[in-house]
Amino acid sequence: LRCQFLTRSTGLANANDALQVSLVAPSSSGLKSIATFNPKFTYSIFGEEEKIFGYKDLKISLRFRANDMRPHLKTTYSKKFKPAGDAEPTDIPSVLIEGNHLPRVAFTKESDFEESSRQLVDNWSPPGTRHAVIDGHDGKYEIWRGSLKDRAVQQLHSRVQIFVPLFIEGGSYIGQRPDADPSESGGTELDLSDADRWTIFFMYKTRPSTEDPKRSSYTFVGYSTIYRFYYFQPSTPPPSPKEDWELPKGDFDLAKLPCRTRLSQFVILPPFQGKGNGAKLYNTIFDYYYQHPQTHEFTVEDPNEAFDDLRDACDLAFLRTIPGFNKLRLNTSVTLPKSGPVPKLIAGGEDIEALRLETKIAPRQFARVLEMHLMSQLPASVRPSMSLEDDVPSPTTSDKHQERLWALIVKQRLYRHNKDLLSQIDTQERIEKLQETLGSVELEYARLLAAFDRAQKHSQAQSSKTTNGKRKVQDVSSEDGDALYKKVKVSES
């Protein structure tokens, strides 16, 4: 309480508490509140301490019109403190404008925002192309896809991009220079020169309009940004030159080149979390690029733990629809030598790498999901479990052999991934480190498989499919809700 009193008396407000984000639905009678929530982070906007100086009882209301996400900012307080030396009250609008956090339309008169909302009502549809319609157990959803070079897509993106720093730790804007200096002219200006490489998927919840049943009313749920890298294909003997071969013309469409597709940002707004919406959006995006001829590999940039959970569950569900993947099993016929080359530990597929390339999943991710799949096949006597109440039978010699095979597969990957570090320590310590890490992997996989099994049972009861007949959208959200947040980091390393 004393800390709260000092904060109020000195004019320091906690930015996370002061900022309230709202979704409001336009109607002919005015704006109706849908949900209100606070951000997780504000340090990239208001500084590392996440404090705003100079106001007593500060409240920052950031309302978004739920369909087109036009924002409006309103700041209220009971007292504004006078400057103390070099310290002046934070100019909140200037901070948000200069940092490209909000478009200028957010700072118009409140009456303009409300009047335009009454006029708009449901006479609006999202930019881009309607990509998918999904029947969820709590209503209908639509996913729209568009290029960032499209001005309408750019406008919508400029309105919602503030959710990146508000909910993604370390998140940054598309086109933002990491060394940008706000004090320099144009220092924070976003560079969208590669906008044609960015594709954005917007997700909405829809319902029939109360004004016109033939129209749909849209409520923004979340979005994801995708970046396209050129894909360097493995070298092969070059074909014999043809006399009629010509250089591509100047108007050559770069979108036709082979590419590595990378998911960069992924946000589901708090009111729509815990409902499988993260899985719906991720599966829709992955399915599109799985069928996209130019995409050779689908990757995710720096996922956090929650997003890893979502991705693992969705990828496992997808891979189990692939016959070649389901045939893979531990090669129980092999005998492990005390020294020398390790025999083939996985049976059921002659070329696992070819299978991985077919699925377009990145190498490390494919290996992890395969390890989960193989662990789920282990006998109950040796299969790691999160349950402390299971009556586990005593393992047989065959059971222990399967356990050793699986453990060796995981250790091989861990060693390859940490080879440089492990090579610097002696053999005994190396063995101990690998065994310790293996234990952590077992617990992680056990947790994920338990959550996956629960989600699969739930999905069977409340199945949802896309209307265009594509693969089933599995409701495999994580236990915390959805794996929601990603930060953008575009690099080839």
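The values are calculated or read from the model by the stated rules, or taken from the named source; none is laboratory data. Only a predicted model underlies this, so the values are computations on that prediction, with no experimental measurement involved. For neighbour counting, all protein chains shown are included, and Cβ atoms are generated from backbone atoms with ideal geometry for every residue, glycine included.
Looking at segment 156-167 only, could you name the residues that are among the aliphatic types (A, V, I, L, M) and assigned to a helix (DSSP H, G or I)? Break it down stepwise before answering.
Step one: of segment 156-167, the residues among the aliphatic types (A, V, I, L, M) are 156, 160, 162, 164, 166.
Across segment 156-167, the qualifying residues are Leu156, Val160, Val164, Leu166.
For segment 395-417, does any single residue satisfy the condition of being without any contact (Cβ under 8 Å) to a residue 24 or more places away in the chain and closer than 23 Å to Arg260 by Cβ? Outline the logic, then answer.
So in segment 395-417, the residues without any contact (Cβ under 8 Å) to a residue 24 or more places away in the chain come out as 395-397, 399-400, 415-416.
With closer than 23 Å to Arg260 by Cβ added as a condition, the list becomes 416.
Yes.
Answer yes or no as to whether Arg413 is within 25 Å of Phe318 (Cα to Cα), surrounded by 13 or more Cβ atoms within 10 Å (Cβ to Cβ), in contact with an Asp or Glu (Cβ under 8 Å, 6 or more places away or on another chain) and not small (Gly, Ala, Ser). Quick ask: steps written out before the conclusion?
Working: within 25 Å of Phe318 (Cα to Cα): yes; surrounded by 13 or more Cβ atoms within 10 Å (Cβ to Cβ): yes; in contact with an Asp or Glu (Cβ under 8 Å, 6 or more places away or on another chain): yes; not small (Gly, Ala, Ser): yes.
So Arg413 passes the test.
Filter segment 363-387 for residues that are loosely packed, with under 15 Cβ neighbours inside 10 Å and in contact with a strand residue (DSSP E or B) (Cβ under 8 Å, 6 or more places away or on another chain) and give the result.
Across segment 363-387, the qualifying residue is only Gln377.
What is the one condition in (1) more than 26 Å from Leu345 (Cα to Cα); (2) touching a residue at least 60 places away in the same chain (Cβ under 8 Å); (3) within 13 Å of the chain's Cα centre (by Cα) that Phe286 does not satisfy?
Among (1) more than 26 Å from Leu345 (Cα to Cα); (2) touching a residue at least 60 places away in the same chain (Cβ under 8 Å); (3) within 13 Å of the chain's Cα centre (by Cα), the lone unmet condition for Phe286 is (2).
Could you please find all residues in segment 301-342 being hydroxyl-bearing (Ser, Thr, Tyr) and either crowded, with 17+ Cβ neighbours inside 10 Å or more than 35 Å from the chain's Cα centre (by Cα) (or both)? Break it down stepwise before answering.
Narrowing segment 301-342 to residues hydroxyl-bearing (Ser, Thr, Tyr): 321, 332-333, 335, 339.
Within segment 301-342, Thr332, Ser333, Thr335, Ser339 qualify.
If we keep just the residues of segment 114-160 that are modelled with pLDDT of 90 or more, among the hydroxyl-bearing types (Ser, Thr, Tyr) and surrounded by 17 or more Cβ atoms within 10 Å (Cβ to Cβ), which is nearest to Asp196 (Cα to Cα)?
Among them, the one singled out is Ser147.
Out of segment 352-382, which residues are of a type in the set (Lys, Arg) and in contact (Cβ under 8 Å) with a residue 40 or more places away in the chain? Spell out how you get there, then give the answer.
Start the filter on segment 352-382 by keeping residues that are of a type in the set (Lys, Arg), which leaves 356, 360, 364, 368.
Correct list: Lys360, Arg364, Arg368.
Out of (1) outside any loop (DSSP other than H, G, I, E, B); (2) surrounded by 11 or more Cβ atoms within 10 Å (Cβ to Cβ), the odd one out for Ser440 is which?
(2)
Looking at segment 110-155 only, could you name the residues that are of a type in the set (Lys, Arg) and not in a strand (DSSP E or B)? Spell out how you get there, then give the answer.
Just the residues of segment 110-155 that are of a type in the set (Lys, Arg), to begin with: 118, 130, 140, 145, 149, 151.
Passing the criteria: Arg118, Lys149, Arg151.
Could you go through segment 67-83 and let me know if any residue there is more than 32 Å from the chain's Cα centre (by Cα) and surrounded by 16 or more Cβ atoms within 10 Å (Cβ to Cβ).
First, the residues of segment 67-83 that are more than 32 Å from the chain's Cα centre (by Cα): 76-83.
Those left that are additionally surrounded by 16 or more Cβ atoms within 10 Å (Cβ to Cβ): 77, 81.
Yes, there is a match, as at least one residue in segment 67-83 is more than 32 Å from the chain's Cα centre (by Cα) and surrounded by 16 or more Cβ atoms within 10 Å (Cβ to Cβ).
Listed residues Ala450, Ala407, Ala446; which is closer than 28 Å to Leu319 by Cβ and either touching a Phe, Trp or Tyr at 6+ places or on another chain (Cβ under 9 Å) or surrounded by fewer than 17 Cβ atoms within 10 Å (Cβ to Cβ) (or both)? Walk me through it before giving the result.
Working: Ala407 fails: either touching a Phe, Trp or Tyr at 6+ places or on another chain (Cβ under 9 Å) or surrounded by fewer than 17 Cβ atoms within 10 Å (Cβ to Cβ) (or both); Ala446 fails: either touching a Phe, Trp or Tyr at 6+ places or on another chain (Cβ under 9 Å) or surrounded by fewer than 17 Cβ atoms within 10 Å (Cβ to Cβ) (or both).
Checking each option against the conditions leaves just Ala450.
Any residue at all in segment 386-408 that is within 24 Å of Leu357 (Cα to Cα), modelled with pLDDT of 90 or more and part of a helix (DSSP H, G or I)? Let's see the steps before the verdict.
Filtering segment 386-408 down to residues within 24 Å of Leu357 (Cα to Cα) leaves 406, 408.
Pick out the ones that are also modelled with pLDDT of 90 or more and you get 406, 408.
Restricting the remaining residues to those that are part of a helix (DSSP H, G or I) gives 406, 408.
Checked against the condition, which is being within 24 Å of Leu357 (Cα to Cα), modelled with pLDDT of 90 or more and part of a helix (DSSP H, G or I), segment 386-408 yields at least one hit.
For segment 63-81, what are the residues that are in contact (Cβ under 8 Å) with a residue 60 or more places away in the chain and within 12 Å of Val160 (Cα to Cα)?
Phe64, Ala66, Asn67, Asp68, Met69, Arg70, Pro71 - these are the residues of segment 63-81 that are in contact (Cβ under 8 Å) with a residue 60 or more places away in the chain and within 12 Å of Val160 (Cα to Cα).
Taking the criterion of being modelled with pLDDT of 95 or more and not assigned by TED's automatic domain parsing to the domain that holds Ala35, would at least one residue in segment 232-251 satisfy it? Please lay out each step first, then the result.
To start, the set of residues in segment 232-251 that are modelled with pLDDT of 95 or more comprises none.
No, because not a single residue in segment 232-251 is modelled with pLDDT of 95 or more and not assigned by TED's automatic domain parsing to the domain that holds Ala35.
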